[in-house]
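Structure first, commentary second.
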Amino acid sequence: MSYRGQERDEESGGEEEEEVPQVVADLAQASVPTQLKGIRCCKRCGILKTIEQFINEGCENCPFLDMVDNQDQCNSCTTAFFEGQVAIMDPRESWAAKWIRVDNYLPGVYAISVIGNFDKDIEDDLESRGIRWRCRPPA
């Protein structure tokens, strides 16, 4: 069986299309840090990536934060201060994803706890949209 879109039919010698399961399609879109040094965390959803990945790709869970090609926004919306990390492959079925409240997000590597504050203007914008975030102020 192949999920690349085609399966060989031995009897007819032809090829038939096979639909890719949604879980596999989601996993193909998962973003993981490309290196261990310099990992940052999205203050809203907690996904972990390098600063370069945030600048190049933004945050796939939080596109409204407009981090693509905007280093100042990336610095405002991400933090290097987080505790622990967990790789989530199937957020809808994972107890760990439910525990850290990322079960509605895409597969990826997430911080267990996010430390930091949004700038006041970003926080006000998120509040006006009714959007919650995961970061908590430093102790």
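The values are calculated or read from the model by the stated rules, or taken from the named source; none is laboratory data. Source: prediction; values computed, not measured. For neighbour counting, all protein chains shown are included, and Cβ atoms are generated from backbone atoms with ideal geometry for every residue, glycine included. Remember, those area values only see protein heavy atoms, side chains included, never the ligands or the DNA or RNA. Shrake-Rupley method; radii C 1.70, N 1.55, O 1.52, S 1.80 Å.
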> So which residues in region 40-99 are among the charged types (D, E, K, R) and touching an Asp or Glu at 6+ places or on another chain (Cβ under 9 Å), if there are any at all?
Replying inline: Lys49, Asp90, Arg92, Glu93
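Yes/no per residue for (1) open to solvent by 40 Å² or more (accessible area, probe 1.4 Å); (2) modelled with pLDDT of 95 or more; (3) in a loop (DSSP other than H, G, I, E, B); (4) farther than 16 Å from Lys43 by Cβ:
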{"position": "Lys98", "(1), (2), (3), (4)": "yes, no, no, yes"}
{"position": "Leu106", "(1), (2), (3), (4)": "yes, no, yes, yes"}
{"position": "Phe118", "(1), (2), (3), (4)": "no, no, yes, no"}
{"position": "Asp124", "(1), (2), (3), (4)": "yes, no, no, no"}
{"position": "Arg134", "(1), (2), (3), (4)": "yes, no, yes, no"}
{"position": "Ala139", "(1), (2), (3), (4)": "yes, no, yes, yes"}
>> Would you confirm, using the coordinates I've provided, whether Gln53 is polar (S, T, N, Q) and either within 11 Å of the chain's Cα centre (by Cα) or buried (at least 18 other Cβ atoms within 10 Å of the Cβ) (or both)?
In response: yes
>> Take Glu15 and tell me if it is farther than 23 Å from Ile112 by Cα, out of contact with any strand residue (DSSP E or B) (no Cβ under 7 Å at 6 or more places or on another chain) and modelled with pLDDT under 95.
In response: no
> Residue check: is Glu52 assigned to a helix (DSSP H, G or I), out of contact with any Leu (no Cβ under 8 Å at 6 or more places or on another chain) and either among the charged types (D, E, K, R) or modelled with pLDDT of 90 or more (or both)?
Replying inline: yes
>> If Asp26 satisfies all but one of (1) surrounded by 15 or more Cβ atoms within 10 Å (Cβ to Cβ); (2) touching a strand residue (DSSP E or B) at 6+ places or on another chain (Cβ under 9 Å); (3) modelled with pLDDT under 95, what's the number of the condition it fails?
In response: (2)
> What pairs come up if the first residue lies in region 59-81 and is loosely packed, with under 13 Cβ neighbours inside 10 Å, the second is of a type in the set (D, E, K, R) and at pLDDT 95 or above, and their beta carbons are under 8 Å apart, counting only those six or more places apart or on different chains?
Replying inline: Ala80/Arg40
> Looking at this structure, is Leu106 among the aliphatic types (A, V, I, L, M) and under 18 Å from Asp119 (Cα atoms)?
Replying inline: no
> Looking at Arg129, is it touching a residue at least 40 places away in the same chain (Cβ under 8 Å), of a type outside the set (A, V, I, L, M) and exposed (fewer than 14 other Cβ atoms within 10 Å of the Cβ)?
Replying inline: yes
> In this structure, is Arg92 in a loop (DSSP other than H, G, I, E, B), touching a Leu at 6+ places or on another chain (Cβ under 8 Å) and under 20 Å from Arg132 (Cβ atoms)?
Replying inline: no
